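Okay, structure first, notes after.
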Amino acid sequence: MRLVNRSLSLLILIAAMAACTSSRQGMSAKKGVNGSWTLQTINIEGITERFSPNIFNEANLNCFIGSNWDFSMNDSTGSYKLVGGTTGCSTLQRNIRWSIIESKDATKEFQFKRLDDKNNTMDDSNGFKLSVTMLDKNSMQLKSVITFEEKPGNIVYNFVKK
């Protein structure tokens with residue numbers, strides 16, 4: 001019985017240490033995202049046809065090129081601002097709530113939800129999830145999976161830190 005209790009205690013300790021390591025990594029990723037960014041380029045992978053979709057239930061992807069994004073890790077809020085000027089693009093600022101989702105043995109995901117003027121979520125409860133494919137102190141790359149004419153592809157968002 002004593003051996004079972006020790007084994008059980010050891011398993012609980014190992015699980016607690018693993019949970020702390022995972023949450024530290026998540027906090028590290030959140031610190032990495034914290035700050036002001038410019039969405040420098042957007043690329044489409046895997047789809048060769050001319051394709052220019054609306055993204056984030058907001059505007060054409062070309063309207064997001066050059067947009068400014070601010071993220072505060074203190075309260076997990078932020079905003080993005082479309083600068084307008086491109087044909088069919090208007091200037092727009094949208095508040096968001098964001099997080100980093102980490103699952104064991106999975107790619108980190110950046111999730112955000114658009115907020116209305118009263119800070120209520122505008123989209124479904126999941127918002128938008130993008131894989132974090134690269135994050136360092138100067139750049140961040142996010143990727144979302146898409147399907148166009150039954151062909152799989154990705155939209156790749158390349159950010160640079162201000």
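At a glance:
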quantity	calculated
Net +/- balance of residues flanking residue 153 in space, Cβ distance below 12 Å, scoring K and R +1, D and E -1	-2
Straight-distance crosslink candidates among lysines, where the alpha carbon sits under 22 Å from residue 104 and sequence neighbours closer than 8 are dropped	30, 31, 129, 143
Extended-chain gain in nm, criterion 0.36 nm per residue less alpha-carbon gap, residue 54 and residue 137	27.0 nm
Separation of the residue 104 and residue 120 label points, Cα + 7 Å toward Cβ, nm	3.9
Gap separating the Cα centres of the stretch 125-162 and the stretch 63-97, nearest whole Å	15
Ordering of 119-126, 138-145, 71-78 by burial proxy (mean other Cβ atoms within 10 Å per residue, highest first)	138-145, 71-78, 119-126
Accessible area (Å², 1.4 Å probe, nearest 10) - residue 105	150
Gain on full stretching of the segment that runs from residue 36 to residue 148 - 0.36 nm per residue minus C-alpha separation	37.2 nm
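The values are calculated or read from the model by the stated rules, or taken from the named source; none is laboratory data. What you see is a predicted model; the values in this text were computed from it and never measured. Cβ: placed from backbone, ideal geometry, glycine included. Neighbour counts: every protein chain shown. Areas reflect the complete protein model, heavy atoms only, side chains present, ligands, DNA and RNA absent. Shrake-Rupley method; radii C 1.70, N 1.55, O 1.52, S 1.80 Å.
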